1. Which of the listed residues, 74, 26, 55, is farthest toward the dipole's positive end in the chain, when Lys, Arg count +1 and Asp, Glu count -1 at the beta-carbon?
2. Charges at C-beta only: +1 for Lys and Arg, -1 for Asp and Glu. How large is the resulting dipole of the stretch 35-165 about its Cα centre, in Debye rounded to 20?
3. Between residue 54 and residues 5 or more places away or on another chain, which pairs have amide H atoms under 5 Å apart, with H built 1.01 Å from N, and which residues are they?
4. Below 8 Å between Cα atoms, with a sequence gap of 6+, how large is the relative contact order for the stretch 1-89 in percent?
5. Can you give me the distance in nm between label points at residue 154 and residue 124, each placed 7 Å from the Cα along the Cα-to-Cβ direction?
6. To the nearest 10 degrees, how steep is helix 39-48 against the longest Cα principal axis of the chain, on a 0 to 90 scale?
7. Over the chain, what is the mean sequence separation of C-alpha contacts under 8 Å (at least six apart), divided by residue count, expressed as relative contact order in percent?
Amino acid sequence: MWQQYFGTECRIYGVDIEPACRTYESDAVRVFIGDQQDRAFWQVIKKEVPRVDIVIDDGGHQVEQQIATLEELLPHLQPGGVFLCEDLYGAYNRFASYVGGLALQLNTADVTSADPDSFERRSVVKPSAFQSAIHSVHCYPFVTVIEKHEQSPSEFVAPKHGTQWQPFLR
């Protein structure tokens, strides 16, 4: 299915705990057998798979598994890469809450330059490591999507015109 969606040029890596899933292997598909909660397992995969553009977590659906997968693979994603985790059911889904906590990090700001008397009247914020890496976090019904920046911003600038602050620009 993913080969049809992404095209014949893509390389697909699957992860499952069930060895029978190797039946899906082909020239363009490789299946790793292991526990997605096992961080040592992810270390092996990251050594064998040097480039990852898209991660779709449709695995064991346990919060510990989802967090381990996110924490291990998000830094491994290429610039512009996308991490998607599905089947997030329940009003108090713990993984969705974890991702919500990550999303709050996009709003941290240590103003490095602010001069209300300057001609530009702006605020400049140096991005944190998280803000430098992550472009956006989207929460949809039952799905979370995290997008990495194509290129890390060096600063966020909010010019002030009159009495109204304008949105940050990169």
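Nothing in this text is a laboratory measurement; each read-out follows from the coordinates by a stated rule. Since the structure is predicted, the reported quantities are computational estimates derived from the model, not experimental observations. Note: ideal-geometry Cβ built from the backbone for every residue, glycine included; neighbour counts use all protein chains shown.
1. The residue sitting farthest along the positive end of the dipole is 74.
2. Roughly 360 debye, rounded to the nearest 20.
3. 82
4. Rounded, it is 24 percent for the stretch 1-89.
5. 1.0
6. Once rounded, the angle reads 90 degrees.
7. So the answer I get is 16 percent.
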